[in-house]
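Participant: The following block contains the structure, expressed as structure tokens.
The values are calculated or read from the model by the stated rules, or taken from the named source; none is laboratory data. Predicted, not measured: the structure shown is a model, and the values here were computed from it. Counting neighbours? That spans all protein chains shown, and the Cβs are built from the backbone with ideal geometry, glycine included. Just so you know, the surface numbers come from the protein's heavy atoms only, side chains and all, with ligands and any DNA or RNA stripped out. Shrake-Rupley method; radii C 1.70, N 1.55, O 1.52, S 1.80 Å.
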Amino acid sequence: MCVVGARPNYMKVAPLIRAIHRDPSAPRTMLVHTGQHYDVAMTEQLFADLELKSPDINLDVGSGTHAVQTAEIMQRFEPVIDRTPPSCVVVVGDVNSTLACGLVAVKKGIPLVHVEAGLRSFDRTMPEEINRLLTDQICDVLYTTERSAAENLRREGIEMTRVHFVGNVMIDSLKASLAHAVGSGVVFADNGIDPALLGEGGRFGLVTLHRPSNVDQPESLSEALAILGEVSGQLPLIWPLHPRTRKNIERFGLTKLLSRRRVILLPPQGYLESLGLIREATLVITDSGGIQEETTALGVPCLTMRENTERPVTVEEGTNVVVGRNRPLVRHCVGEILAGRGKHGGIPELWDGRASERIAAHLLAWLEQRVEPIFA
Ligand code: UD1
């Protein structure tokens, strides 16, 4: 039983389900969507882009405080497990749905598998860090994307026999879809963007921001908007707005800070449009975890507007620079990139598009050798 809840989960589960289905003797898979994300732009379009099968079950939880959302997911997920006890539950990433469903599964004695385990920002003010720490503590099998993750898990007392370095399933999705990516020219035309607003040769920077640390307080959000306004003087910026960010800009009365002609807003984009925009951007400014990885995989300079990253390999080996909301640093990095001196990087180990294959092979063998199936 695979669980998804929010947008970044879909790219992780899609290649995994495909890899499992490639083995004719594999058990049936069930896909549960918690409904944490529910807007069409945040769900249905991405399912289609990723060729991810429709969820077998949608728990329709919607938005709420962390406590309400997590509790609601747990209450609605428990009867699903009771009705159809799976041989294991697979959760991915670090969203509230990951932890909520993990807790339910483990308390029912169902083996729990975490894909993208062991990443740590060491910043416990991030809701995702709490979700990561707690999920990893209760897992039977942990699949990691980079070598630093095993070290984090070891420090937290996780038995190393449970931990398997398999590579990055996000990159599996990226590789599977890149040939179908929608070019930025098409995205701009579809959204009525005047090409004259773009830089020389159609140059643009891509922005995505949705973390509470950037968008939930008026001070941090207006600071971020001011930085983007300044960067737009050097390079036009394309910004698909996350619903959380859009709501907060309106709630805090900050829309006037967005009046710059060269900060161009779009609605949330599909996966294929996002890949096209990332691939063709001169630089990306983001606080997303997945986009730090995608830019590294595509060799596009990335400025991460956070104080830390749980994905250090993107900084050590990739194109990522953690800049926070440090305006002089952002200015310096943008200048370097525009002068052709941006950070070059390599492709991290096992980010080869075959992580889900490795997970499927290991997981199916692991399930097979378990002595007593849990539902017997
Ligand atoms: C969640 C994840 C975050 C992930 C992000 C990707 C947690 C704690 N956070 O954050 O790790 O990077 O997804 O998008 O799980 N909203 C809509 N429509 C939707 C979904 C949300 O309008 O389909 C709005 C609602 O106002 C909601 C707000 O966005 O209150 C936040 O949604 P929520 O699911 O709580 O978290 P995200 O910010 O999306």
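Participant: Could you count how many residues in region 66-88 are open to solvent by 60 Å² or more (accessible area, probe 1.4 Å) and either touching a Ser or Thr at 6+ places or on another chain (Cβ under 8 Å) or among the small types (Gly, Ala, Ser) (or both)?
Facilitator: 2
Participant: Here's a follow-up. Filter region 331-376 down to residues that are at pLDDT below 95 and β-branched (Val, Ile, Thr), then give me how many there are.
Facilitator: Residues in region 331-376 being at pLDDT below 95 and β-branched (Val, Ile, Thr): 2 in total.
Participant: Counting residues that are within 16 Å of the ligand (Cβ to nearest atom) and under 23 Å from Ile138 (Cα atoms), which helices (runs of 4 or more DSSP H) fully inside region 1-90 reach at least 1?
Facilitator: Because the criterion is at least 1 residues that are within 16 Å of the ligand (Cβ to nearest atom) and under 23 Å from Ile138 (Cα atoms), the helices (runs of 4 or more DSSP H) in region 1-90 that meet it are 7-21, 66-83.
Participant: Here's a follow-up. Could you list, in sequence order, the residues of region 296-319 that are touching a Ser or Thr at 6+ places or on another chain (Cβ under 7 Å) and either of a type in the set (Gly, Ala, Ser) or under 16 Å from Gly167 (Cα atoms) (or both)?
Facilitator: Within region 296-319, Thr296, Gly299, Glu310, Pro312, Val313, Thr314, Gly318 meet the criteria.
Participant: Restricting to region 183-192, give me the number of residues that are assigned to a loop (DSSP other than H, G, I, E, B) and surrounded by 15 or more Cβ atoms within 10 Å (Cβ to Cβ).
Facilitator: Of the residues in that region, 1 qualify.
Participant: Taking interchain pairs and intrachain pairs at least six residues apart, which have beta carbon atoms under 6 angstrom, with the first residue in region 217-241 and among the small types (Gly, Ala, Ser) and the second part of a helix (DSSP H, G or I)?
Facilitator: Pairs found: Ser220/Asn214; Ala224/Asn214.
Participant: Another question, then. Can you list the strands (runs of 3 or more DSSP E) found entirely within region 193-293 that contain at least 3 residues being open to solvent by less than 40 Å² (accessible area, probe 1.4 Å) and under 26 Å from Ala48 (Cα atoms)?
Facilitator: It comes to 205-208, 237-240.
Participant: Moving on. Applying the selection to region 103-153, what residues are more than 20 Å from Ile81 (Cα to Cα), hydroxyl-bearing (Ser, Thr, Tyr) and assigned to a helix (DSSP H, G or I)?
Facilitator: Ser148
Participant: Follow-up question, since we're still on this one. Cβ-Cβ under 6 Å, sequence separation 6+ or interchain: first residue in region 65-81 and of a type in the set (Val, Ile, Thr), partner part of a helix (DSSP H, G or I). Which pairs?
Facilitator: Taking only residues 6 or more apart or on different chains, the pairs are Thr70/Asn96; Thr70/Ala100; Ile73/Ser97; Ile73/Ala100.
Participant: So if I check each of Ser25, Ser63, Ser54, which one is open to solvent by 60 Å² or more (accessible area, probe 1.4 Å) and modelled with pLDDT under 95?
Facilitator: After applying the criteria, what remains is Ser25.
Participant: Does Pro195 satisfy being without any contact (Cβ under 8 Å) to a residue 40 or more places away in the chain, in contact with a helix residue (DSSP H, G or I) (Cβ under 9 Å, 6 or more places away or on another chain) and over 25 Å from Thr43 (Cβ atoms)?
Facilitator: Criteria met by Pro195.
Participant: Based on this model, can you work out whether Gly324 counts as exposed (fewer than 14 other Cβ atoms within 10 Å of the Cβ), at pLDDT 95 or above and farther than 21 Å from Arg203 by Cβ?
Facilitator: So Gly324 fails the test.
Participant: Give region 329-350 a look and list any residue that's in a loop (DSSP other than H, G, I, E, B) and surrounded by 20 or more Cβ atoms within 10 Å (Cβ to Cβ), or say none.
Facilitator: Gly342, Gly345, Pro348
Participant: May I pose another question? Is it the case, given these coordinates, that Val95 is in contact (Cβ under 8 Å) with a residue 60 or more places away in the chain, closer than 21 Å to Ile359 by Cα and within 11 Å of the ligand (Cβ to nearest atom)?
Facilitator: yes
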